[in-house]
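Chemist: Just dropping this structure here.
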Amino acid sequence: MSEAVQGRISTLRADYANPAHAAALVRLLDAYASDPAGGGEGLSDFAKANLVAGLAARPQAYSVLAFDGEQAVGLVNCIEGFSTFACRPLVNVHDVAVLSSHRGRGVAEQMLALAETIARERGAVKLTLEVLSGNVPAVRLYERIGFAGYQLDPAMGSAQFLQKWLKA
């Protein structure tokens, strides 16, 4: 199991079969979803009940947890995709969540370092992520650790992240 410790904060790859990890994952993602940076609305009862099993059923998914002693304080969810141009895996950092009590203490950076290590172990060519432009501390962190806007030809401009909700 991949694990790192820095100061009092430890990071590890979540074990979806571990009840403590599963509970921490749901609790942290719900806290993130409830935050303005996560949309301001907590997870649905369906998501809370099915999230961990849904992630566990997907071999392309992995999560990193951060603990301050016994308290879970951070979460990164990653989903492996595929770069057709490189013909190799890529990893999308889908969620980065740190409890407000622990922001500004390097928790996200520590978790992202472990997420990157795991991505490299999987043979990934790159990490991708989305961030709201108004989340200035997160943007600064991501740029400081090597993330940059995506473009192929500067004349074509930067890539945009778009979404389309599919109704059930």
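Taken together, the values in this text are just the output of simple stated rules run on the coordinates, not laboratory data. None of these values were measured; they are calculated from a predicted model. No Cβ is skipped: glycine too gets one built from the backbone with ideal geometry, and neighbour counts run over all protein chains shown.
Chemist: Find which of I9, V136, P19 sits farthest along the positive direction of the dipole of the chain, computed with +1 on the beta-carbon of Lys and Arg, -1 on that of Asp and Glu, about the Cα centre.
Modeler: Of the options given, the answer is V136.
Chemist: Counting helices only, and only those DSSP H runs with n ≥ 4, report the 222 nm mean residue ellipticity of the chain as the sum of -39,500 (n - 2.57) divided by its residues, in deg cm²/dmol to the nearest 500.
Modeler: After summing the helix terms and dividing by residue count, I get -10000 deg cm²/dmol.
Chemist: For V76, what is the net charge nearby, where nearby means another residue's Cβ is under 11 Å from its Cβ and Lys, Arg count +1, Asp, Glu -1?
Modeler: -2
Chemist: Under a 10 Å cutoff between Cα atoms, tell me which one of D153, D35, D15 has the largest fluctuation in the Gaussian network model of the chain.
Modeler: D153
Chemist: Express in whole angstrom the spacing between the alpha-carbon centres of the range 140-167 and the range 53-132.
Modeler: Result: 17 Å between the Cα centres.
Chemist: Still on this structure: Count charges around K48 for me, please; just the other residues with Cβ under 11 Å from its Cβ, Lys/Arg as +1, Asp/Glu as -1.
Modeler: -1
Chemist: Per residue of the range 24-33, what does 6.51 cos²θ - 1.76 cosθ + 1.60 with θ = phi - 60° give for ³J(HN,Hα)? Whole Hz please, x for Gly and Pro, Karplus curve as stated.
Modeler: So the J values, rounded to whole Hz, are 5, 4, 5, 4, 5, 5, 5, 4, 5, 4.
Chemist: Within the range 7-66, list the trypsin sites (Lys or Arg not before Pro) lying in a DSSP loop whose Cβ has at most 16 other Cβ atoms in a 10 Å radius.
Modeler: R8
Chemist: Using the 2.2 N^0.38 Å rule of thumb for compact globular proteins, work out how the range 43-95 stacks up: its C-alpha Rg over that value, please.
Modeler: Against the compact-globule rule of thumb, the ratio is 1.39.
Chemist: Shifting gears a bit: Based on the Kirkwood radius over alpha-carbon pairs, what value in µm²/s does the Stokes-Einstein equation return for the translational diffusion coefficient of the chain at 20 °C and 1.002 mPa s?
Modeler: Using the Kirkwood radius from Cα pairs, D works out to 128 µm²/s.
Chemist: Order by neighbour count: H21, H102, fewest other Cβ atoms within 10 Å first, most last.
Modeler: H102, H21
Chemist: Ok, one more. Dipole size in debye (nearest 20) for the chain around its Cα centre, Lys and Arg Cβ +1, Asp and Glu Cβ -1?
Modeler: Charge dipole of the chain: 200 debye, to the nearest 20.
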